[in-house]
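Worksheet for the structure shown next.
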Amino acid sequence: MISSIKVGDFSIQRIIEQERPFYDIKTYFPSLTDAALEENRAWLQACGAIDAAGRIVLCIQSYLVRTPHHTILVDSCVGNDKNLPHRPHWHRMQDGTYLNNLAAAGVKVEDIDYVMCTHLHLDHVGWNTRQENGRWVPTFPNARYLFSKQEYQYWEEQTRSGATTPMLDSVIPIVEAGRADLVASDHQVNDHIRFLPTPGHTPDHYAILLGRTGQDAVLTGDLMHSPLQAKYPELGMRVDFDSPLGARSRRGLLQQFCDTRTLVCPCHFPSPSVGRVSAWGDGFRFSFDQ
């Protein structure tokens, strides 16, 4: 079981669904040059961010945040039974790993007070719902699900236009069940939890700041997928909605927390996933907590 990290009045724990190599890193980051890859290959392999074949290693996980008052799940991975023929490694999964890991953390689905989705890509909303008698129902029946309103409206329009999105099985059923709150991407949940707009990877992606001053920890969602993007903040990934905007969001957040005590928690970095940011040339060094 992944141990919890104590930060201020919070505990943070990783709930892993999968962790493995996925795509060739140059496919994942189309503008990555051979020269830049070779310059950084050794340290990327040493920290587990790529494998020996040059494939990016990604952790598909949620962050479980426990406060004195609430139990919060940030992003909800891929989920079971989802129709994803274009992603055969995730198509109609039947895997108990995720819920077993949640249970191992001492949490039942009924215990979750909030589910916060940093954006609405399929690997961040999947466990929002589960199948019950042929219907999609909320996996976390007592939770309020917080979606960016602008993000929701964008993907709703894409779905109406015929695009394949996870809205029909993983997001709209939450709205229909009356469990969703559509909020701004600078929403403040309370004095210790607030959102930070970080658009670019998707239209209204948000990060989550923890602590009264927002300095205890930051959960970055998909603002960056690899520590290589800390060194090169302008390096966009293959499905960014607006890659230059994402680069500006990424550089801004990294600069904000550079050389501070703030724990930075990216969604997809390989284990141990979390760390701190320091300056490195024109970019930043992400150092994993060990």
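A short reminder: the numbers here are calculations on the coordinates, not readings from a lab. Just so it is clear, the model here is predicted, and its values are computed rather than measured. As a convention, Cβ positions derive from the backbone with ideal geometry for all residues, glycine included, and neighbour counts pool all protein chains shown.
Tabulated values for the structure
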| read-out | value |
| --- | --- |
| Cα-based reach from LYS26 at 23 Å (exclusive), listing lysines while leaving out same-chain residues under 8 positions away | LYS231 |
| 3J(HN,Hα) from dihedral phi, the range 24-29, Karplus parametrisation 6.51/-1.76/1.60, rounded to Hz, x for glycine, proline | 3, 5, 6, 6, 5, 10 |
| Estimated 222 nm signal from helices in the chain, with DSSP H stretches of n ≥ 4 weighted -39500 (n - 2.57), rounded to 500 | -6000 deg cm²/dmol |
| For GLN61, distant residues with modelled amide H under 5 Å away | GLU17 |
| Rg to Rh, two decimals, where the chain supplies the alpha carbon set and Rh follows Kirkwood | 0.94 |
| Inter-label distance for ASP282 and LEU182, nm, one decimal - labels placed 7 Å from Cα along Cα-to-Cβ | 4.1 |
| Near-label residues of the range 57-97 by backbone N, under 12 Å of a point 7 Å along Cα→Cβ of SER4 | 64-72 |
| Length added when fully stretched, GLN158-ASP34, from 0.36 nm per residue minus Cα-Cα | 41.1 nm |
| Charge dipole (debye, nearest 20) of the chain; +1 at Cβ of Lys and Arg, -1 at Cβ of Asp and Glu | 280 |
| Contour minus Cα-Cα distance for ILE16 and ASP242 (0.36 nm per residue) | 78.6 nm |
| Interatomic Cα distance distribution for the range 42-135, bins of 10 angstrom, percent | 14, 39, 32, 13, 2 |
| From phi via Karplus (6.51, -1.76, 1.60), per-residue ³J(HN,Hα) for the range 133-140 in Hz, x at Gly/Pro | 6, x, 10, 8, 10, x, 5, 10 |
| Cut-off under 5 Å, modelled amide H: who pairs with THR71 long-range | ASP113, TYR114 |
| Note, ³J(HN,Hα) from phi for the range 172-180, Karplus 6.51, -1.76, 1.60, rounded to Hz, x at Gly and Pro | 4, x, 5, 5, 5, 7, x, 9, 9 |
